[in-house]
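The values are calculated or read from the model by the stated rules, or taken from the named source; none is laboratory data. Since this is a predicted model, take the numbers as computed values, not measurements. Cβ placement follows ideal geometry from the backbone for every residue including glycine, while neighbour counts extend to all protein chains displayed.
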Amino acid sequence: MVRRLARRPETALFVLALGVYAYFFQAGGWNQNAHFDLTRAIVEQHTVVLDDYIANTGDWSVANHHYYSNKAPGLGLLAVPVYGAVHPLAQGNRVRGWVVHLGAYLSTVICVALPAAVAVGMLFRVALVMGGPPAAAAGLCVAWAFGTLALPYATLLYSHQLTASLLFIAFGLLVTARAAGRFSAPRMLAVGLFLGLAVAAEYPCALAAAVIAGYALAVVRPRPRLAWAALGAALPLLLLAAYHTAAFGGPLTTGYGATGDRARDGGLFLGVALPSARVLGKVVLSPGRGLLTHAPWLILGVLGAIRFIQDRARRAEGLACLGVIVLGLAFNSSLTQPGDWAAGRGIGTRHLVPSLPFYVLGLVGLIGGWWRRPRVRAIIAAAFLALVALSTRRMLVATAVLPEPPLVDLPFEEYLLPRWREGQVAVNTIPIHTGPLNADPTAWNIGQKMGLAGRMSLLPLGGFAFMAGAWLTWAVRRTDATERLE
């Protein structure tokens, strides 16, 4: 069993992604603190009221004279058993900062990085099913995992990469089941569970979940199997409704209706208006935050999804990918309050993170007859690898230094790259606990815990990536050879 797993490229991809993601602890900030404050309140005080924790974040809501997180509760709830296992280290005394930071680090690894690594492996399986050669499928997985916003957000206690993983795993379960011609009840239950969890973790993901549900409606046979997916989705959605009722008085009342965030005022609904072409231009091409500024190769995913639609056998998958992409862009461009589209501090618009694997899967649609021509294949692969390498370097710099740089026009040029050249890494000083602030960094990476400083602290990460990459190369070659024999 172990040998069989070791021979599979998706296993190597999982280990590579999880190892890289778990290498970093980014410490605190408003968003991650709002999630973890809920976790702490449940574990430490058995309540969802954040009155004793709210001092470390501005992402709060007020209801019935009490403070609550204004975030969807899914991530905070998922982290409860993780922090519940760490909290006894306080031995009944006042919880110290190191206990909270350890709990936050493990919660990030287990609740964000682990699902992200599983989703990377799932992308490999789906890319194969959709017609991609093993080497190309593995390359696309690496590109998504490290050459997009997936890298920094897989190291942050944010819900965006978690929802990206849940949505794509659910979609992957459906695609692979369709290829096998068997939609088992347990698989459909898992599909519904993951879609429901995605919505419970990030409300706007309901748009992508609806697209995937539509795909399921189109391909699942026999139709009664859809009832299992509905049952799976009902579990997290009922828990979400119970949380809303306990905190805000009604199953459909969210914290955004009572938040202190002015961006939620106005518009048609909680700051959301009709999509704006002007804002869409910023979302896609802004020099500081644009999607294609840092990962220009993602545009090929849109073209590939269109190619899928032209192929009758893969039309449903192409429509699903394009639907998730378009709705993600539409939602992001509908946040028309000044600066709201950029979603606060960061290096890109995090609202697009859940749709990124669908861009990458779309790239498989461009792998056609030209792939069998060695010269053309070499040119295309070299150009693609060069673009991905540039994107990966930028994502690594941001992840190593600070994924949430201050609100400047050009985060890399004005903040991240100067600090990278000076050898500064893990510079975040904001704690995730509720204790006093200080000028010392609270973020860290594994290399620093081993006694290394500056950029030298990334050397162990480089060694790990080299060994995992060699494993992946061997597994892919073995898969290629097996397919040729068959």
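Residues are listed down the side, and each one gets a yes or a no for (1) of a type outside the set (Gly, Ala, Ser); (2) touching a Ser or Thr at 6+ places or on another chain (Cβ under 8 Å); (3) closer than 20 Å to Leu106 by Cα:
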| site | (1), (2), (3) |
| --- | --- |
| Ile379 | yes, no, no |
| Ala386 | no, no, no |
| Arg393 | yes, no, no |
| Leu402 | yes, no, yes |
| Tyr415 | yes, no, no |
| Arg419 | yes, no, no |
| Ile430 | yes, yes, yes |
| Trp444 | yes, no, yes |
| remark: Picked from the range 281-298 (must be crowded, with 21+ Cβ neighbours inside 10 Å and not in a helix (DSSP H, G or I)), the residue modelled with the highest pLDDT is Ala295
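Got a number for residues in the range 429-454 being outside any loop (DSSP other than H, G, I, E, B) and either in contact with a His (Cβ under 7 Å, 6 or more places away or on another chain) or surrounded by 17 or more Cβ atoms within 10 Å (Cβ to Cβ) (or both)?
So the first thing to find is which residues in the range 429-454 are outside any loop (DSSP other than H, G, I, E, B), and the list is 444-449, 454.
Narrowing further to those that are either in contact with a His (Cβ under 7 Å, 6 or more places away or on another chain) or surrounded by 17 or more Cβ atoms within 10 Å (Cβ to Cβ) (or both): 444-448.
Number of matching residues: 5.
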| request: Please name all residue pairs, on different chains or six or more residues apart, with Cβ atoms under 9 Å, provided the first residue is in the range 332-360 and is over 21 Å from Trp297 (Cα atoms) and polar (S, T, N, Q) and the second residue is in a helix (DSSP H, G or I) and at pLDDT below 90. | output: Ser334/Trp341; Gln337/Arg262; Gln337/Ala263; Gln337/Arg264
| query | Hey, Val100 hits all of (1) among the aliphatic types (A, V, I, L, M); (2) in a helix (DSSP H, G or I); (3) in contact with a strand residue (DSSP E or B) (Cβ under 7 Å, 6 or more places away or on another chain) but one; which does it fall short on? | reply | (3)
| remark: Restricting the range 75-84 to residues that are assigned to a helix (DSSP H, G or I) and in contact (Cβ under 8 Å) with a residue 12 or more places away in the chain, the one farthest from Pro115 (Cα to Cα) turns out to be Gly84
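Can you confirm whether Ile446 is more than 30 Å from Val126 (Cβ to Cβ) and in contact with a strand residue (DSSP E or B) (Cβ under 9 Å, 6 or more places away or on another chain)? Quick ask: steps written out before the conclusion?
Numbers: more than 30 Å from Val126 (Cβ to Cβ): yes; in contact with a strand residue (DSSP E or B) (Cβ under 9 Å, 6 or more places away or on another chain): yes.
When the stated conditions are applied, Ile446 passes them.
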| request: Mind listing just one residue for me: the one in the range 441-480 that is among the hydroxyl-bearing types (Ser, Thr, Tyr) and over 29 Å from Ala137 (Cα atoms) and, of those, modelled with the lowest pLDDT? | output: Thr442
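So in the range 355-385, with the set limited to residues that are of a type in the set (A, V, I, L, M, F, W, C) and at pLDDT below 80, which one is nearest to Gln161 (Cα to Cα)?
Ala381
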| Can you name the residue in the range 259-280 that is modelled with pLDDT under 90 and part of a helix (DSSP H, G or I) and is also nearest to Leu387 (Cα to Cα) among such residues? | Ala263
| request: Would you confirm whether any residue within the range 123-130 is surrounded by 19 or more Cβ atoms within 10 Å (Cβ to Cβ), under 16 Å from the mean Cα position of the chain (by Cα) and touching a residue at least 60 places away in the same chain (Cβ under 8 Å)? | output: yes
| query | Do you know which of the residues in the range 210-252 that are loosely packed, with under 15 Cβ neighbours inside 10 Å and not in a helix (DSSP H, G or I) is farthest from the chain's Cα centre (by Cα)? | reply | Pro222
| task | Please go through the range 397-423 and pick out each residue that is closer than 18 Å to Ile446 by Cα and surrounded by fewer than 19 Cβ atoms within 10 Å (Cβ to Cβ). | result | Gly423
| Which one of these does Gln32 not meet: (1) at pLDDT below 95; (2) under 30 Å from Gly463 (Cβ atoms)? | (1)
| Every residue from the range 94-113 that is among the aliphatic types (A, V, I, L, M), in contact (Cβ under 8 Å) with a residue 40 or more places away in the chain and farther than 24 Å from Ala201 by Cα | Val95
| Looking at the range 172-188, which of its residues are more than 20 Å from Ala127 (Cβ to Cβ) and buried (at least 19 other Cβ atoms within 10 Å of the Cβ)? | Phe183, Met188
| field | Scan of the range 391-403 for residues that are touching a Phe, Trp or Tyr at 6+ places or on another chain (Cβ under 9 Å) and either of a type outside the set (D, E, K, R) or more than 13 Å from Gly288 (Cα to Cα) (or both), ordered by number | value | Ser391, Thr392, Met395, Leu396, Val397, Ala398, Thr399, Ala400, Val401, Leu402, Pro403
| field | Enumeration of residues in the range 406-424 that are in a helix (DSSP H, G or I) and of a type outside the set (Asp, Glu) | value | Pro411, Phe412, Tyr415, Leu416, Leu417, Pro418, Arg419, Trp420, Arg421
| field | Sole exception among (1) surrounded by 12 or more Cβ atoms within 10 Å (Cβ to Cβ); (2) of a type outside the set (A, V, I, L, M); (3) at pLDDT below 95 for Glu483, by number | value | (1)
| query | Quick check, is Phe171 part of a helix (DSSP H, G or I) and out of contact with any Asp or Glu (no Cβ under 6 Å at 6 or more places or on another chain)? | reply | yes
